[in-house]
Structure formats: C-alpha cells, structure tokens
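This report refers to the structure that appears directly beneath it.
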Amino acid sequence: MRFRVLGPVCLEPRTPSAPKQRAVLATLLVRAGAVVPAGALFDELWPEGPPRTAPTTLQVYVSHLRKALTQGGHGRGPLETRPPGYLLRVEPGELDLRRFEELLSRGRTAFRDCDFAAASGELTQALALWSGPALSGVPQGEVLTAAAVRLDELRLEALELRIEADLRLGRHHEVTGELMELARAHPLREQLHCQLMEALRRAGRTTDALRAYRAVHRSLHDELGVTPGPALVRQHARVLSAHASEPVTAGATATAAAVAAVAAAPIGRPRAGSRRASGGPLPDVRVSRAHRRSP
C-alpha cells in the first residue's frame with residue numbers, strides 16, 4: 001500500500017475516482033494516526049454546511065475507502081472507526097509525507113552540523129518525492145487548504161536549504177539556472193533572490209547580480225509597498241564590494257560602467273499598476289516583518 005499527498009492525492013494500487021471520497025482520504029492522511037472527528041469531515045466535504053444526508057453519505061464514502069484499503073476486500077484494514085470519528089493507520093514507508101518529513105529533518109541536522117554534502121543529498125531525496133502542488137486533485141476545505149499551504153512552505157524551505165548547502169559546496173555554477181527560474185516563479189521570496197545574487201557574485205557576474213537585486217526590490221515595492229529586508233541589503237552590499245575589489249583592466253572598463261549604471265538607476269515605479277492597486281490577489285509568500293515601509 002502506498003499513499004501520496006505531495007502532489008495529486010493518490011492511493012496505490014487504486015485511487016478512488018469520486019472527488020469527495022479522495023477528499024476524505026486526503027483528510028485522514030494529513031492526520032494519519034490520529035482520530036479525525038466526523039464533524040471535521042463534514043466541514044471539509046461541505047464547507048457551506050452539511051446536508052441532512054451527510055452522516056449517511058460519509059458512511060458510504062468510508063465504506064468504499066475501507067474496501068479500497070483492504071487487500072482483496074477481506075480482513076481488517078487500516079481504516080478504523082474510533083469515536084467520534086475515524087483513524088487511518090499508516091505503516092512506515094507507506095506515506096510520502098512522512099518520508100519527506102524524515103528526510104527534511106535529517107537534512108536540517110546535517111546542515112547544522114556543517115555536513116553540507118549529506119544535507120544536499122538528504123534534501124535532494126526529499127524534494128524528489130514531490131510531483132506537484134501538495135494535495136492537488138481534490139476539493140479542499142479549511143483543513144486541506146491549511147495543510148496544502150503548510151506542505152508547500154516546507155517544500156520551499158527544503159529547496160532553499162538544499163541550494164544553500166550546494167552553495168557552501170561551491171556549486172554556484174550548477175544552481176544558477178535553477179535559481180533564475182525560481183526567482184521568476186517566486187518574485188517576493190527574498191531568500192531565493194539572496195541565493196541567486198550570491199551565485200552570480202561568485203561567478204563574477206556582478207552586473208547580473210545587481211539586476212537581480214533591482215528586480216526583487218521593484219517587486220517588493222510595487223506589490224507590497226516595502227523595501228528589501230536586512231539579508232537582501234547585506235547581499236547587495238557584498239555584490240557592490242565584490243565589484244569594487246575587482247582589478248581594473250582595459251576589459252573591465254565597460255563592465256564597471258554597466259555596473260554603475262545598474263546601481264544608479266532608479267528602482268521605484270508608479271504603483272498604480274501593481275496587483276494591490278488593481279485589487280488582484282497577492283502571491284502566497286512570507287515577507288520579513290523587519291522591512292521598512294517605502295515612503
């Protein structure tokens with residue numbers, strides 16, 4: 001038996017076809033090993049309020065899940081009735097989420113111990129378990145929405161930590177392209193932009209690093225009305241210092257002029273066209289509280 005929630009919700013060997021039945025399975029999986037009250041399942045399946053037939057309908061969903069979870073349709077399966085609801089038992093190695101959390105924990109420990117090669121390896125394995133946005137392919141109520149946000153945040157944490165370990169190992173050339181793509185996908189994720197600037201700085205691409213800083217500065221200003229946090233400001237200073245310490249040669253004159261132009265050009269843009277001004281949704285990112293409001 002295999003359960004997957006790091007991407008489309010999946011049960012091997014056979015995933016339930018009914019969306020609400022998959023939602024019941026997903027809710028039980030994110031709380032595997034704990035009793036999920038029937039009331040919580042009602043709220044998840046019917047956010048606007050359960051119908052009068054909700055208890056009977058839920059029992060039907062659970063009955064179908066039991067058959068799918070019981071090999072051959074006979075014997076005691078992992079889905080148990082435990083007042084006031086249901087409990088799904090998951091054995092070691094069956095749920096991708098538990099495997100991911102184990103690898104992430106080992107990666108964190110290795111990084112703290114400065115064993116960056118081990119950290120990169122553990123975190124690479126953890127990230128390989130993902131096949132898309134967490135808990136996708138099922139209707140999501142409050143429980144699954146919150147769980148999906150938490151899991152996607154853990155994935156980004158694992159990704160940033162793996163990239164940091166690779167940078168500590170001198171693999172800046174290998175991660176630069178990946179970081180450029182991630183910076184475009186997460187324009188307000190400051191840690192990724194710091195890492196991109198560091199990779200570019202180490203590669204001697206100070207002009208590109210300054211352009212990366214300008215891009216995130218502009219995004220933060222236009223989308224949220226804030227300026228870069230302390231980590232980005234320090235990284236910006238490192239890039240400028242690296243350029244200033246470069247030996248001046250005939251070939252470096254054009255590069256120096258380009259860097260000076262990038263550093264001196266104004267960053268702010270009128271905010272009328274920003275997502276906030278237009279009433280559009282803000283991206284799901286966390287921004288440091290240490291930021292200073294733009295004037």
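The values are calculated or read from the model by the stated rules, or taken from the named source; none is laboratory data. Predicted model only: the values in this text are computed from it and were never measured. Cβ sites come from the backbone with ideal geometry, for glycine too, and all protein chains shown count toward neighbours. Ligands, DNA and RNA are excluded from the accessible area calculation, which covers all protein heavy atoms including side chains. Shrake-Rupley method; radii C 1.70, N 1.55, O 1.52, S 1.80 Å.
Descriptive notes on the structure:
- So Pro19, is it over 19 Å from Ala147 (Cα atoms) and out of contact with any Gly (no Cβ under 7 Å at 6 or more places or on another chain): no
- Residue in the range 32-71 that is least open to solvent (accessible area, probe 1.4 Å), counting only those that are more than 17 Å from Pro139 (Cβ to Cβ), charged (D, E, K, R) and in a helix (DSSP H, G or I): Arg66
- Residues of the range 168-206 that turn out to be closer than 21 Å to Gly229 by Cα and either open to solvent by less than 30 Å² (accessible area, probe 1.4 Å) or in contact with a strand residue (DSSP E or B) (Cβ under 8 Å, 6 or more places away or on another chain) (or both), as a count: 16
- Condition broken by Pro16, with the remaining ones in (1) part of a loop (DSSP other than H, G, I, E, B); (2) touching a Ser or Thr at 6+ places or on another chain (Cβ under 7 Å) satisfied: (2)
- Subset of the range 123-151 (residues that are open to solvent by 50 Å² or more (accessible area, probe 1.4 Å), touching a residue at least 40 places away in the same chain (Cβ under 8 Å) and within 30 Å of Gly49 (Cα to Cα)): Pro133, Gly137, Pro139, Gln140, Glu142, Val149
- Residue list for the range 20-31, restricted to those being more than 15 Å from Ala68 (Cβ to Cβ) and open to solvent by 40 Å² or more (accessible area, probe 1.4 Å): Arg31
- Of all residues assigned to the range 239-260, none qualifies as being on the phi < 0 side of the Ramachandran plot, within 22 Å of the chain's Cα centre (by Cα), modelled with pLDDT of 95 or more and open to solvent by less than 30 Å² (accessible area, probe 1.4 Å).
- Evaluated against (1) touching a residue at least 40 places away in the same chain (Cβ under 8 Å); (2) part of a helix (DSSP H, G or I); (3) in contact with a Pro (Cβ under 9 Å, 6 or more places away or on another chain); (4) open to solvent by less than 10 Å² (accessible area, probe 1.4 Å), Val216 falls short on exactly one condition, (1).
- Residue-level check: of (1) loosely packed, with under 12 Cβ neighbours inside 10 Å; (2) at pLDDT below 95, Pro78 misses just (1).
- Subset of the range 97-122 (residues that are assigned to a helix (DSSP H, G or I), open to solvent by 80 Å² or more (accessible area, probe 1.4 Å) and within 19 Å of Gly170 (Cβ to Cβ)): none
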